[in-house]
Amino acid sequence: MMWAQQFWSSAAQSVKGSLQRSVISTSRETYYKAYFFLWNLPLCRRDLLWLALAPGYMMVDTLRHEISHAIVAWLAGVQVLVIHFLPGKQLGYFSFGYIILGDNASWLIYAAPYFCDLILFTAAYFLLRHVRFRRRWMAVNLVSIGLVSPLFNSFSGFINSFSITNDVTHLAILFSREVVTDLFFGVGVYYFVLLRRLYRFSIFNRKAQPPFWLAWAEGKKASRRRLMW
């Protein structure tokens, strides 16, 4: 029995030590990746001045959202009773804008702004990826309107649907909460992949050498391959 206790004690210590080393290594790697990600963001101080125009960007986002509803409703022959673009509490809670539709509104009308987000985000990605802007303000505004605005619109709508009745709530009623959650999760993964590709593209085009953490990660992979062989 003594040898069994010693064996299990030794095995437990070995597993505990291995887990501790793994956690420390993973934490260190995450820290370095986050540090070098923030350090290498293609921003400058002048870009912060555009934060003063945040209310204007929100207004553009609201116009795009509500007009998407209205256009699809008009094409589908559904009456638009009220459309409002200014922020307020007319619905009993704060909103940047709202639209009231007639009967027989289909799921496509409720989902129209999110399809618009998807198209706008993809178009902005390809423009930033393939077009060289001579004026920095053009690229900054394209990022704000084409990337940040769709992200904010989609995921604020999804999060707010748990506390208020909005477009996503209607979609969850027409389909199910699980289906809507899975769709938004898939779109979120798509947005993340494009943002990651865009970030890596901007870094490799700004510097002759890749970011340190990328070379560090490649070195770790190479050492693991040597250990495997």
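Taken together, the values in this text are just the output of simple stated rules run on the coordinates, not laboratory data. Since the structure is predicted, the reported quantities are computational estimates derived from the model, not experimental observations.
In sequence order, what are the phi-derived ³J(HN,Hα) couplings for region 72-79 according to the Karplus relation 6.51 cos²θ - 1.76 cosθ + 1.60 with θ = phi - 60°, rounded to whole Hz, with x for glycine and proline? Result, rounded to whole Hz: 5, 5, 4, 5, 8, x, 9, 6. Backbone amide hydrogens, once placed in the peptide plane, bring residue 101 within less than 5 Å of 81, excluding anything fewer than 5 places away on its chain.
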